[in-house]
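See below for the structure under consideration.
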Amino acid sequence: MAGRRGALIVLEGVDRAGKSTQSRKLVEALRAAGHCAELLRFPERSTEIGKLLSSYLEKKREVEDHSVHLLFSANRWEQVPLIKEKLGQGVTLVVDRYAFSGVAFTSAKENFHLDWCKQPDVGLPKPDLVVFLQLQLAVAAARGEFGRERYENRAFQERVLQRFHQLMRDPALNWKVVDASRSIEDVHEEIRVLSEDIIWTATQQPLGELWK
Ligand SMILES: Nc1ncnc2c1ncn2[C@@H]1O[C@H](COP(=O)(O)OP(=O)(O)OP(=O)(O)O)[C@@H](O)[C@H]1O
Ligand SMILES: [Mg+2]
């Protein structure tokens, strides 16, 4: 399979939909099937920008809303050289949240327009597949109490969900909505099949640019 790039697979969904659980399981399954696969997540809290974002999310510091939106985007851009290098080496990347979360969360705040929120992420590597883990907020809430991190409240999550639905209307992206209310194994199996398909088909095309 020399020369074939890896696929860029993103998992999105509301809080507690199972993104992290499914991202980990997907990487394991792809590796077991003989693919090179690695896990990424956003925010990537290990970088300087990521540490700032982490303390913002933990409510240990305040950052102005526009400014923090740009920092979340910068936290993705700073990983772009690595993302391109890995994909070029044939490594499939499974990404736990991406620009869609960034846009959905900021645009759920008062006085933020969706288009403004998208601009900083225009041109990021375009995912070959975006899996949206669909789960009613009441069911997601039953998977555990809301934590103490910023944004973890029901009213805000409702607004975030509306924004995700707006973003999913974009036909230029390969969104796949997956019913996340089923067992971890059943959800995993659907995502695994979708991912195997994309590894064999979309990766014959060059990597695209998001929202361009
Ligand atoms: N299909 C499922 N059925 C029941 N419980 C699940 C399922 N998937 C995940 N869980 C549980 O729900 C909780 C949240 O899962 P997980 O951390 O994977 O979600 P997440 O989408 O990454 O959440 P966050 O947005 O907070 O990062 C965990 O306790 C996990 O074990
Ligand atoms: Mg998670």
- Item | Residue, nearest to Gln79 (Cα to Cα), within the range 94-134, restricted to residues that are among the basic types (Lys, Arg) and not in a loop (DSSP other than H, G, I, E, B) | Lys126
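Okay, residues lined up against (1) buried (at least 16 other Cβ atoms within 10 Å of the Cβ); (2) more than 15 Å from the chain's Cα centre (by Cα):
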residue	(1), (2)
Ala17	yes, no
Ile49	yes, yes
Glu58	no, yes
Glu62	no, yes
Val80	no, no
Lys86	yes, yes
Thr92	yes, no
- Filtered residues of the range 26-43 (kept if away from ligand 2 (no atom under 13 Å from the Cβ) and open to solvent by less than 70 Å² (accessible area, probe 1.4 Å)): Leu26, Val27, Ala29, Leu30, Ala33, Gly34, His35, Ala37, Glu38
- Message: Quick check on the range 122-134. Is at least one of its residues open to solvent by 20 Å² or more (accessible area, probe 1.4 Å), at pLDDT 95 or above, in contact with a Phe, Trp or Tyr (Cβ under 9 Å, 6 or more places away or on another chain) and away from ligand 1 (no atom under 16 Å from the Cβ)?
- Response: yes
- Query: Which one of these does Gly147 not meet: (1) part of a loop (DSSP other than H, G, I, E, B); (2) within 14 Å of ligand 1 (Cβ to nearest atom); (3) closer than 29 Å to Leu30 by Cβ?
  - Reply: (3)
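The rows are residues; the columns are (1) over 25 Å from Leu135 (Cβ atoms); (2) outside any helix (DSSP H, G or I); (3) more than 15 Å from ligand 1 (Cβ to nearest atom).
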site: Gly3; (1), (2), (3): yes, yes, yes
site: Gly6; (1), (2), (3): yes, yes, yes
site: Leu39; (1), (2), (3): no, yes, no
site: Ser55; (1), (2), (3): yes, no, yes
site: Lys60; (1), (2), (3): yes, yes, yes
site: Val68; (1), (2), (3): yes, no, yes
site: Ser73; (1), (2), (3): yes, no, yes
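The values are calculated or read from the model by the stated rules, or taken from the named source; none is laboratory data. This one's a predicted model, so the numbers in the text were calculated from it and none came from an experiment. All Cβ positions, glycine included, derive from the backbone under ideal geometry; neighbour counts span all protein chains shown. These accessible areas exclude ligands, DNA and RNA; they are computed on the full protein's heavy atoms, side chains included. Shrake-Rupley method; radii C 1.70, N 1.55, O 1.52, S 1.80 Å.
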